[in-house]
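One structure is given below, encoded as C-alpha cells.
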Amino acid sequence: GSGKTTLINLLNRFYDVESGEILIDGVNIKKISKRSLRNSIGLVTQEPILFNDTVINNISLGKEKHNLEEIISAAKTSNAHNFIIKLKEKYNTNIGDGGGKLSGGQKQRISIARAVLKEPQILLMDEATSSLDSVSEKMVQDAIEKLSKNRTTIIVAHRLNTIQKADLIVVMENGRIIQSGSHKMLISIKGKYKQLVEMQTFQK
C-alpha cells in the first residue's frame with residue numbers, strides 16, 4: 001500500500017499525474033503518445049497475463065513481426081525454453097485459460113519471454129517473483145538479470161534479494177520516498193531498508 005504499483009501504472013500512463021510531472025530523458029511523458037511510450041516499455045506483472053492459446057502466440061503477443069528463431073531465443077533468455085520443449089507439442093502447445101496448464105514459475109517465464117521478444121528500452125517488473133517458490137524464483141531472477149542488461153529497469157519487490165544488485169534502491173512508505181541509495185549504502189545506515197533486510201534474513 002505504499003504506492004509502488006501506482007508508480008508503475010503512472011509510468012505506463014494507465015492514468016496521468018494530477019500534479020507534478022514524470023520525465024523520461026528530460027521529456028514529460030504526457031508529450032509522448034501512449035502508443036509510442038508503451039512500445040518502448042516491457043511490463044512483467046505479479047500475475048502473468050496469458051491467454052488460452054499456444055506458447056508461441058503468448059510469447060509473440062504484441063510483436064507484429066517475428067520469427068520462430070527470435071521466439072526461441074527470447075525463451076532461452078527467460079529460462080523458459082527447457083520446459084517448453086518438454087511440453088507435448090512444444091511451442092505449439094495450448095497452455096489453457098490464463099496459462100492454467102503451467103506452473104506459476106513457468107507462466108512467469110513465458111511472460112518474461114514476451115518482454116524479451118519486444119526488446120524494450122525500459123523494463124518494468126512489478127512484483128514478478130513474489131508468488132513463486134524458491135526454485136522458480138531463482139530461475140526468474142536469473143532471467144530478469146539477463147533481460148536487465150543494457151536497458152533501464154525498474155523492479156518493484158518486497159523480496160529484497162531481488163533488488164540488491166540495483167544501481168539505486170528507492171524505499172517507499174505511505175506514498176512517499178523515505179530512503180534511496182545503493183544496497184551497501186542503505187545497509188550502512190539505520191533505517192527502514194536495513195530493518196526490512198534484517199527481518200527477511202531472520203525469517204529465512
When residues of segment 110-136 are filtered for being among the small types (Gly, Ala, Ser), at pLDDT 85 or above and either over 21 Å from residue 57 (Cα atoms) or touching a strand residue (DSSP E or B) at 6+ places or on another chain (Cβ under 6 Å) (or both), how many remain?
2
Mind checking which pairs have a first residue in segment 75-86 that is within 12 Å of residue 59 (Cα to Cα) and a second that is open to solvent by 20 Å² or more (accessible area, probe 1.4 Å) and of a type in the set (Gly, Ala, Ser), Cβ under 9 Å, 6 or more apart or different chains?
81/73
The one condition residue 141 fails out of (1) at pLDDT 80 or above; (2) farther than 21 Å from residue 121 by Cβ; (3) not small (Gly, Ala, Ser) is (1)
Could we say that residue 125 is aliphatic (A, V, I, L, M), closer than 30 Å to residue 65 by Cα and not in a loop (DSSP other than H, G, I, E, B) here?
yes
Evaluate the following for residue 204: is it basic (Lys, Arg), at pLDDT below 90 and loosely packed, with under 11 Cβ neighbours inside 10 Å?
yes
If you take the residues in segment 161-179 that are within 29 Å of residue 139 (Cβ to Cβ) and of a type outside the set (Val, Ile, Thr), which one is surrounded by the fewest Cβ atoms within 10 Å (Cβ to Cβ)?
167
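Among the residues of segment 135-147, is any over 21 Å from the mean Cα position of the chain (by Cα), surrounded by 13 or more Cβ atoms within 10 Å (Cβ to Cβ) and in contact (Cβ under 8 Å) with a residue 12 or more places away in the chain?
First, pick out the residues of segment 135-147 that are over 21 Å from the mean Cα position of the chain (by Cα): none.
Among the residues of segment 135-147, not one is over 21 Å from the mean Cα position of the chain (by Cα), surrounded by 13 or more Cβ atoms within 10 Å (Cβ to Cβ) and in contact (Cβ under 8 Å) with a residue 12 or more places away in the chain, which makes the answer no.
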Residue hits (segment 23-63; closer than 20 Å to residue 125 by Cβ, of a type outside the set (S, T, N, Q) and free of Cβ contacts under 8 Å to residues at least 60 places away in the same chain) are 29, 37, 38, 59, 61, 62, 63
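The values are calculated or read from the model by the stated rules, or taken from the named source; none is laboratory data. Quick caveat: nothing in here was measured; it's all calculated off a predicted structure. As a convention, Cβ positions derive from the backbone with ideal geometry for all residues, glycine included, and neighbour counts pool all protein chains shown. Calculation scope for accessible area: heavy atoms of the full protein, side chains included, ligands and nucleic acids excluded. Shrake-Rupley method; radii C 1.70, N 1.55, O 1.52, S 1.80 Å.
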